[in-house]
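Everything on this sheet refers to the single structure shown next.
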Amino acid sequence: MAGNVELIKEQSRGLRGTIEQSIDDKLTGQLAKGDQVLIKFHGSYQQDDRDRRDIRERKKLERAYSFMIRLRIPAGDITAKQFCDLMATCDHYGTGVLKITTRQTVQIHGILKAHLKPTMQDFDKTGLDSIAGCGDVNRNVMASAYPHLSVAHSEVFDFAAKISEALMPTSQAYSEIWLDGEKLSGEAEHDPLYKTHYLPRKFKIGIAIPPHNECDIFTQDIGLIAVIEDDKLLGFNIAAGGGMGTTHGNVKTYPRLATIVGFVTPDRVIDTCAEILMIQRDFGNRKERTFARLKYTIDKMGVDHFKAELEKRLGVKLGPAKPFRFTRRGDIFDIVRDSEGLSYYTLYVEHGRIVDLPHYKIKTALLEIAAQSYADIRFTGNQNIMLTHVKEIDKPKIEAILEKYGIWDSRISRTRQDALACVALNTCPLAMAEAQRYLPSLLTKIDALQAKYNLSQQAISVRMTGCPNGCARPYAAEIAFVGKAMGRYDMRLGGDHLGQRLNKIFHEGIDEAEILKLLDGYFSDYATDRRQHEAFGDYIHRMHMMTEKTGKIETHARQLEDA
Ligand code: SRM
Ligand code: SF4
């Protein structure tokens, strides 16, 4: 497969392929095979409704094909007007459910092939695009959601957009195909960063501003940790080689937390990102896509060799990493004020799905707020939404709307507020089990268990994915459920609350009844044996020592199976 994809990219004439012909083909709802690969670089995936596969097969019908489009929104920031426009496009061409992703952007599902072009044109009209939303390029750049607390914070925030721009492919294919832009000669433009073969695999960058780690900095290919002293941005610690994806049963695949390799000043940070990207372009595995991410490249090269190569290309030595401390990863659901006196409200969105629930009408509330321009919008890396730049005069109006639609609902537990679930079924072709459609009901049962042991005030990070690819960054959670088959999950425990230690598999392929029985035991022990302020993941890690090399669990405190 890697060979195929490499060839498709190489021969694509700057990502053009035959996408236009595929779109014009009225006989099928899908694209030609090669174009299915190339359209990802334009931010879109061909999918089909997996809930309807059987029935359509019985009726000898083609699968119910449609497309998902993922936007490029560095740091998740858009205006009120853009939000209203996006929602209108989503209602018109998509399923009506705008989905906030774990990378601080949004995607629209269910777009028919014939509607791809008008949808992209809608994005363009409102000043947005989906270039490099997916594909073997740099993806949406994430940044801490609380940047405007000081001047230095907004400076950091701006780097997300600058890095995203600097690392975009130069090809004008997007404009030609979707926006009726001027057709060039048909040959690919010169692209010094990506050349003709792009990267061996996807590439991800996030920026954290300690003490917040909402974008899970150590799970990124490049994690930039801002160093701010006396309100002045000194630069960034550079962490490289994070990644989550694994394959069940393939022990050569693994999640990895990024390694801190040094420090750079702000004027060098974009070059540093570009050079790391080009090292990955030149050294990454192009034979096996499974092992093509930067984490494998770095482990193969060795961290010292990787760092030496980076310094050679930059022409300077990296500085020694500066001290930093994270104290929080989940979103803060309070009202935060910035240095100019503007307020920010973070609102819970169940697994990022902006849709009205019976007692929680988030879509209606957001539309009402945005239509009156009471606030701009920021998506967070925890699939939630922030109302930004709120003036004092508009606060009572916003709060009345939040009250009216049940948004300030104190019944949402702290664990639920922090939980992440990936899309999984019905659209993800790789899903082996449910995630976002199932986790809400499982969380209700986990909430009840926490209440049973008087642990309701404890936020425990719970993440669920429908397969081991790790789209909700499950390996960095305190409790993770990784889908193995319908209704069955690997349960992983012992990650820390701040995203600085990976968890380990404790139980393989278990169902809900087993999950709840086991958690009952763990919570009971935790409630009695924990140290003061000890988080659940830290407790599990301390009590059930794990050997790093084999990944096997050595239980010193007691036999886990007895739990
Ligand atoms: Fe992901 C593939 C959804 C964040 C690791 N991911 C997919 C696809 C496109 C399935 C496919 O290849 O056809 C999923 C589409 C489902 C759908 O119907 O929408 C999908 N990934 C998502 C999103 C929407 C999950 C969500 O509920 O928010 C996230 C979109 C982020 C974005 O805006 O760009 C999403 N994916 C992630 C993350 C988390 C992150 O980036 O912080 C990861 C783990 C970090 C990492 O990359 O290591 C992640 N997705 C993967 C992988 C495994 C990559 C690997 O290195 O092995 C795949 C499979 C692949 O690439 O072959 C994948
Ligand atoms: Fe699909 Fe797996 Fe990603 Fe979930 S983790 S969205 S099931 S690829």
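The values are calculated or read from the model by the stated rules, or taken from the named source; none is laboratory data. Note that the structure is predicted; figures quoted are calculated from it, not measured. All Cβ positions, even for glycine, are placed from backbone atoms using ideal geometry, and neighbour counts span all protein chains on display.
If residue 352 passes every condition in (1) at positive phi; (2) touching a helix residue (DSSP H, G or I) at 6+ places or on another chain (Cβ under 9 Å); (3) surrounded by 19 or more Cβ atoms within 10 Å (Cβ to Cβ) but one, which one does it miss?
(2)
Name the residue, out of 376, 409, that is among the acidic types (Asp, Glu), within 20 Å of residue 104 (Cα to Cα) and more than 18 Å from the chain's Cα centre (by Cα).
Being among the acidic types (Asp, Glu), within 20 Å of residue 104 (Cα to Cα) and more than 18 Å from the chain's Cα centre (by Cα) holds for just one of 376, 409, which is 376.
Quick check on the range 418-433. Is at least one of its residues among the small types (Gly, Ala, Ser), more than 11 Å from ligand 2 (Cβ to nearest atom), within 16 Å of residue 352 (Cα to Cα) and out of contact with any helix residue (DSSP H, G or I) (no Cβ under 8 Å at 6 or more places or on another chain)?
Checking the range 418-433: not a single residue is among the small types (Gly, Ala, Ser), more than 11 Å from ligand 2 (Cβ to nearest atom), within 16 Å of residue 352 (Cα to Cα) and out of contact with any helix residue (DSSP H, G or I) (no Cβ under 8 Å at 6 or more places or on another chain).
Take the range 137-170 and flag every residue that is away from ligand 2 (no atom under 16 Å from the Cβ), touching a Leu at 6+ places or on another chain (Cβ under 9 Å) and modelled with pLDDT of 95 or more.
137, 138, 141, 143, 159, 163, 166, 167, 168, 169, 170
For residue 295, which of the numbered conditions (1) without any contact (Cβ under 8 Å) to a residue 12 or more places away in the chain; (2) in a helix (DSSP H, G or I); (3) not β-branched (Val, Ile, Thr) fails to hold?
Going through (1) without any contact (Cβ under 8 Å) to a residue 12 or more places away in the chain; (2) in a helix (DSSP H, G or I); (3) not β-branched (Val, Ile, Thr) one by one, residue 295 breaks only (1).
Might you check whether a residue that is touching a strand residue (DSSP E or B) at 6+ places or on another chain (Cβ under 7 Å), closer than 30 Å to residue 496 by Cα and either of a type in the set (Ser, Thr, Tyr) or within 16 Å of ligand 1 (Cβ to nearest atom) (or both) occurs anywhere in the range 312-324?
The answer is no; no qualifying residue exists.
What's the number of the condition residue 395 fails, among (1) surrounded by fewer than 21 Cβ atoms within 10 Å (Cβ to Cβ); (2) over 17 Å from residue 107 (Cα atoms); (3) within 16 Å of ligand 2 (Cβ to nearest atom)?
Among (1) surrounded by fewer than 21 Cβ atoms within 10 Å (Cβ to Cβ); (2) over 17 Å from residue 107 (Cα atoms); (3) within 16 Å of ligand 2 (Cβ to nearest atom), the lone unmet condition for residue 395 is (3).
Within 30 Å of residue 281 (Cα to Cα), charged (D, E, K, R), touching a helix residue (DSSP H, G or I) at 6+ places or on another chain (Cβ under 8 Å) and away from ligand 1 (no atom under 16 Å from the Cβ): does that describe residue 183?
Yes; evaluated as a whole, the condition is true for this residue.
For the range 381-395, indicate whether the set of residues that are of a type in the set (Lys, Arg) and over 30 Å from residue 160 (Cα atoms) is non-empty.
Checking the range 381-395: not a single residue is of a type in the set (Lys, Arg) and over 30 Å from residue 160 (Cα atoms).
Checking the condition surrounded by fewer than 21 Cβ atoms within 10 Å (Cβ to Cβ), in contact (Cβ under 8 Å) with a residue 12 or more places away in the chain and over 15 Å from the mean Cα position of the chain (by Cα), which residue from 85, 91 passes?
85
For the range 219-259, which positions are among the charged types (D, E, K, R) and more than 15 Å from ligand 1 (Cβ to nearest atom)?
Once the filter is applied, which keeps residues that are among the charged types (D, E, K, R) and more than 15 Å from ligand 1 (Cβ to nearest atom), the range 219-259 yields 229, 230, 231, 232.
Could you figure out which of (1) surrounded by 14 or more Cβ atoms within 10 Å (Cβ to Cβ); (2) under 23 Å from residue 177 (Cα atoms) isn't true of residue 78?
Tallying (1) surrounded by 14 or more Cβ atoms within 10 Å (Cβ to Cβ); (2) under 23 Å from residue 177 (Cα atoms), residue 78 fails exactly one: (2).
Working only within the range 456-508, note down all residues that are part of a strand (DSSP E or B), among the hydrophobic types (A, V, I, L, M, F, W, C) and surrounded by fewer than 22 Cβ atoms within 10 Å (Cβ to Cβ).
Result: 485, 491, 505.
Would you check if residue 214 is out of contact with any His (no Cβ under 9 Å at 6 or more places or on another chain), crowded, with 16+ Cβ neighbours inside 10 Å and among the charged types (D, E, K, R)?
When the stated conditions are applied, residue 214 passes them.
Within the range 356-364, is there a residue that is buried (at least 19 other Cβ atoms within 10 Å of the Cβ), free of Cβ contacts under 8 Å to residues at least 40 places away in the same chain and not β-branched (Val, Ile, Thr)?
Checked against the condition, which is being buried (at least 19 other Cβ atoms within 10 Å of the Cβ), free of Cβ contacts under 8 Å to residues at least 40 places away in the same chain and not β-branched (Val, Ile, Thr), the range 356-364 yields no hits at all.
Taking the range 486-513, which residues are farther than 18 Å from residue 216 by Cβ and out of contact with any strand residue (DSSP E or B) (no Cβ under 7 Å at 6 or more places or on another chain)?
Listed by number, the residues that qualify are 486, 487, 512, 513.
Among the candidates 256, 268, single out the residue that is under 24 Å from residue 162 (Cα atoms) and either without any contact (Cβ under 8 Å) to a residue 60 or more places away in the chain or among the basic types (Lys, Arg) (or both).
Going through 256, 268 in turn, just one is under 24 Å from residue 162 (Cα atoms) and either without any contact (Cβ under 8 Å) to a residue 60 or more places away in the chain or among the basic types (Lys, Arg) (or both): 268.
For the range 453-462, indicate whether the set of residues that are away from ligand 2 (no atom under 16 Å from the Cβ), of a type in the set (Phe, Trp, Tyr) and under 22 Å from residue 145 (Cβ atoms) is non-empty.
No; the residues of the range 453-462 include none that is away from ligand 2 (no atom under 16 Å from the Cβ), of a type in the set (Phe, Trp, Tyr) and under 22 Å from residue 145 (Cβ atoms).
May I ask you to list pairs of residues, at least six apart or on different chains, whose Cβ atoms are under 6 Å apart, with the first in the range 518-544 being under 18 Å from residue 418 (Cβ atoms) and the second being β-branched (Val, Ile, Thr) and buried (at least 20 other Cβ atoms within 10 Å of the Cβ)?
From the range 518-544, the pairs are 536/460.
Within 10 Å of ligand 2 (Cβ to nearest atom) and either more than 26 Å from residue 363 (Cα to Cα) or not aromatic (Phe, Trp, Tyr) (or both): does that describe residue 440?
For residue 440, the condition - within 10 Å of ligand 2 (Cβ to nearest atom) and either more than 26 Å from residue 363 (Cα to Cα) or not aromatic (Phe, Trp, Tyr) (or both) - is not met.
Please work out which one of (1) more than 16 Å from ligand 2 (Cβ to nearest atom); (2) farther than 17 Å from residue 540 by Cβ; (3) of a type in the set (A, V, I, L, M) is the condition residue 472 fails and give its number.
Condition not satisfied by residue 472: (1).
Got a sec? Which of 412, 401 is at pLDDT below 95, away from ligand 1 (no atom under 16 Å from the Cβ), surrounded by fewer than 24 Cβ atoms within 10 Å (Cβ to Cβ) and under 18 Å from residue 359 (Cα atoms)?
Answer to the check: 412.
Does residue 339 satisfy the condition of being without any contact (Cβ under 8 Å) to a residue 60 or more places away in the chain and farther than 30 Å from residue 221 by Cα?
No.
Has the range 276-287 got at least one residue that is assigned to a strand (DSSP E or B) and either of a type outside the set (A, V, I, L, M) or within 21 Å of the chain's Cα centre (by Cα) (or both)?
The answer is no, given that none of the residues of the range 276-287 is assigned to a strand (DSSP E or B) and either of a type outside the set (A, V, I, L, M) or within 21 Å of the chain's Cα centre (by Cα) (or both).
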